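The values are calculated or read from the model by the stated rules, or taken from the named source; none is laboratory data. Fair warning: this is a prediction, and the values are worked out from it, not measured in the lab. Virtual Cβ from ideal backbone geometry, glycine too; neighbours counted across all protein chains shown. Side chains are part of the model used for accessible areas, which takes the heavy atoms of the whole protein and leaves out ligands, DNA and RNA. Shrake-Rupley method; radii C 1.70, N 1.55, O 1.52, S 1.80 Å.
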Amino acid sequence: MDKRLRSILFSLIGVLVFFLLIVWIGGLINPNLQLDETGVLRFVFVGIGLLIVFVIYALTRTSPVWEVGTREVVYMAIGAALYAVLSFLFNGTVFAVPSVSQVALRPAIAIPMFFGYAFGPVVGFFSGAVGNMFGDALTGFGLSPQWSIGNGLVGFVAGLVHLFKDKKRSVDAVLIASALLAALATVIFFVNRNVPNMMFFDPEAGIFGDATISLFAGLSAVVGFVLVLLVRFLFGQNLDVVAAVTWSLLGNFLGIGFAAISDIWINGYPPAVAIVGEFLPAAGPNAIFAAILVPLLVVAFASVQRQTGR
Amino acid sequence: MLVTWRYRPRKSLIQSFDPRAWIIFFLCYIACTVLFWDLRYLLVLFAMALVAVFTSGIKWHEMRRAWLFIGGFILFFSFLTLLTGRGGIELYKEEHIIRRLTAGFTLLGWRPTLVLSAERIAYAVAMMVRVFSLASMTILIPYSLNPALYGVTFRGLGLPDKVAYGMDLTMRFIPSFGRDFQLTMDAQRARGYELEKISGGLFAQVRKLAPLIVPVTIHAIVASEDIIDAMDLRAFGVGPRTWVDELHYRPRDRALIAFGVGMLLVCIALSLWGFGKFWVPDFLLRLAQ
């Protein structure tokens, strides 16, 4: 491992140790301290997310997908700016999804997915993370850095397809992994279907908003997966389209899953609430956007590439 | 053609500092704001944001659209929070109910009920003040930070050259793509496409968004070739980058950074000692009795 890699690794571990020390020292000062109340935990999960990215990079650093030249820098900026603008437009002007927290229908998620697939994991990660950060800032959503990292992971995972020599085999493996994740989330939905605290997290008072999420929202991850499966078989001859949607689907499940699961500790949600009340309303519609919008972008981009020769 | 934010040099508090110093202070301020839920602490931070706004030298007519959009958005979500208590249960375990309004009808077996409790009102107000504080400080940045200094500012904050330049370009592209999106929407409208009348199920709605998202994205990628060529011709990324403008910290910049970092440390210490947690004013509790 060269000096630069070591310094990045040590920096990330240093950040995590710093926050863990705050937990430890804070507990000594104030035994009743709940770390989630301090907001510090958000940054712990930022560190964990970055560490995940770094470990994958360190394990595959000889691959050319990690090279960042002029083209990648510009695409990073374009992806992030487009994601920010579209997030701003759709966060504010379309509608929020009934969920336990602030979740909006976000067709813009197709941007980091597409940029990750088309230009690699670095571009995908930057587009998702920085774009989400700017989009939230423009909308006035406040600060949710762990969700920015989660969005970054969506684009990052979509770009990992380029680490595999045989795209077709990778697609099948990714589909199986995605099927398992979608099934798991849906089973958790059905097991907790009658728990009336998935929308506004106020089960005791019997008041406005005290309801379960709808059946369609609960099944949306499976619906998204089925759509991707349809794309897999209908566009089987166009490997680019198939690979883009399947890897985007996995990126969506893992990235949004990371952010939702982090809220178990950050917001104190029970695991079922994090999965059913947050992950499904966000990741389910995202999967549908992946299945419909990403193929359109891939096809349009391929056409442009043919015309320009670049 | 790139469109820029409405930056212009102004005699203002923000612009009297090095942009790096202001960004560091801004980040410290944001971190402080998210540490607290006590309205009294949040009001102190909100007052600081107001000082920054009123000394920014930015005229109301310049920021009107941004304020109206963000203000409307925040008020809407705060009202929703007030109605539902959404998110508040993380902070309080019991509610002192001031008034309960029950609808005289049911929807699919569910009877809409509106509960106004002391905790719910306090939480909605705290949420509104908190988000307004964050938005007020954030909204000033594009109006006050010289676009020519984006790159050197991020580089000066310790980001690698390529990431700093990526951030620079991102901030420059945002208003341009906003304009492109508007132009595309107008062009599609001229062809009979009406975003406001999007109807049908979820799949139909998503499919109908394609005439907006695909052209803007593909146009951005195609147009970027000129930028890539220009950067390549200037040997971007070949060696360490130099910047036309140089930034130098002055004593006032160091003082601002020290103030921001000091404020953050104090806020972290207060938070660790249990100060600044959710607080309900006594008069609201009395109303519930």
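Observations, loosely collected:
- Sulfur and carbon atoms: percent of accessible area, chain B [1.4 Å]: 65
- Computed from protein heavy atoms with a 1.4 Å probe, the total accessible area buried between B and A is close to 6300 Å².
- Separation in nanometres of the label points that stand 7 Å from Cα toward Cβ, at A:T62 and A:V226: 4.5
- Full-stretch length increase - B:T55, B:V238 - with 0.36 nm per residue and alpha-carbon distance subtracted: 61.7 nm
- Projected label distance in nm at A:R193 and B:T102, using a 7 Å step from Cα toward the beta-carbon: 2.9
- Close amide-amide hydrogen proximity is noted between B:I98 and B:L116, B:S117, B:A118, each under 5 Å apart and 5 or more residues distant or on a separate chain (H modeled in the peptide plane; Pro and chain starts excluded).
- Sorted peptide list for B:115-127, B:203-215, criterion being average Cβ within 10 angstrom, highest first: B:115-127, B:203-215
- Shown is the FRET efficiency for B:D229 and A:K165, computed with R0 = 30 Å from the Cβ-Cβ distance and rounded to the nearest 0.05: 0.45.
- Residue mean of other protein chain beta carbons inside 10 Å, B:163-169: 6
- Contour minus Cα-Cα distance for B:Q182 and B:L80 (0.36 nm per residue): 33.8 nm
- With the simple model of a label 7 Å out from the Cα in the direction of the Cβ, B:D282 to B:L247 spans 4.7 nm.
- Residue with peak Gaussian network fluctuation, chain B [Cα springs, cutoff 10 Å], from B:K277, B:K93, B:K11: B:K93
- Peptide B:271-278, shielding by other chains (average Cβ, 10 Å cutoff): 5
- Contour minus Cα-Cα distance for B:R40 and B:R254 (0.36 nm per residue): 74.2 nm
- Cysteines in chain B that, by Cβ-Cβ distance, have no pairing candidate under 4.7 Å: B:C28
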